[in-house]
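The structure appears below as structure tokens.
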Amino acid sequence: MLPSLWILIITTAIIVFEVPKLKKSFGKKEIWVFFILLFIGTGMGIAESNQIKLPNPLDWFSIVFKPLNEIIETLLS
């Protein structure tokens, strides 16, 4: 629970320091992208701190490319 609290405190600090700069420099679309990416990262950080198993991105690549690899192997043999 304590690591999750620290992650939320750091996220709040990031919002407090960065959002005013973003409002001056960029439009609403960039601010939305900032918040979406920040909340995805915060959610993943909280999940990791609570030891919830998250999928590895390389597993997705192996799922996608394994059938392609088998097709190429059969064509070349």
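The values are calculated or read from the model by the stated rules, or taken from the named source; none is laboratory data. All figures in this text were calculated on a predicted structure; none of them were measured in a lab. So basically every Cβ, Gly included, is an ideal-geometry build from the backbone, and we count neighbours across all protein chains shown. Areas reflect the complete protein model, heavy atoms only, side chains present, ligands, DNA and RNA absent. Shrake-Rupley method; radii C 1.70, N 1.55, O 1.52, S 1.80 Å.
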Item to check | Any chance Gly45 is touching a helix residue (DSSP H, G or I) at 6+ places or on another chain (Cβ under 7 Å), assigned to a helix (DSSP H, G or I), open to solvent by less than 90 Å² (accessible area, probe 1.4 Å) and within 25 Å of Ala13 (Cα to Cα) | outcome: yes
Checklist entry - Which residues, counting only those in the range 48-77, are farther than 29 Å from Leu8 by Cα and either among the aliphatic types (A, V, I, L, M) or in contact with a Lys or Arg (Cβ under 6 Å, 6 or more places away or on another chain) (or both)? => result Ile63, Val64, Leu68, Ile71, Ile72, Leu75, Leu76
Item to check | Subset of the range 18-35 (residues that are assigned to a helix (DSSP H, G or I) and either open to solvent by less than 70 Å² (accessible area, probe 1.4 Å) or within 28 Å of Pro3 (Cα to Cα) (or both)) | outcome: Glu18, Val19, Pro20, Lys21, Leu22, Ile31, Trp32, Val33, Phe34, Phe35
Item to check | Top-ranked residue in the range 48-60 [being in a helix (DSSP H, G or I) and of a type outside the set (A, V, I, L, M, F, W, C); ranked as nearest to Trp6 (Cα to Cα)] | outcome: Ser49
Checklist entry - Taking the stated definitions as given, is Ser49 modelled with pLDDT of 90 or more and among the small types (Gly, Ala, Ser)? => result yes
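Please state which one of Leu68, Leu75, Leu38, Leu58 is surrounded by 10 or more Cβ atoms within 10 Å (Cβ to Cβ), free of Cβ contacts under 8 Å to residues at least 40 places away in the same chain and not charged (D, E, K, R).
The conditions single out Leu38.
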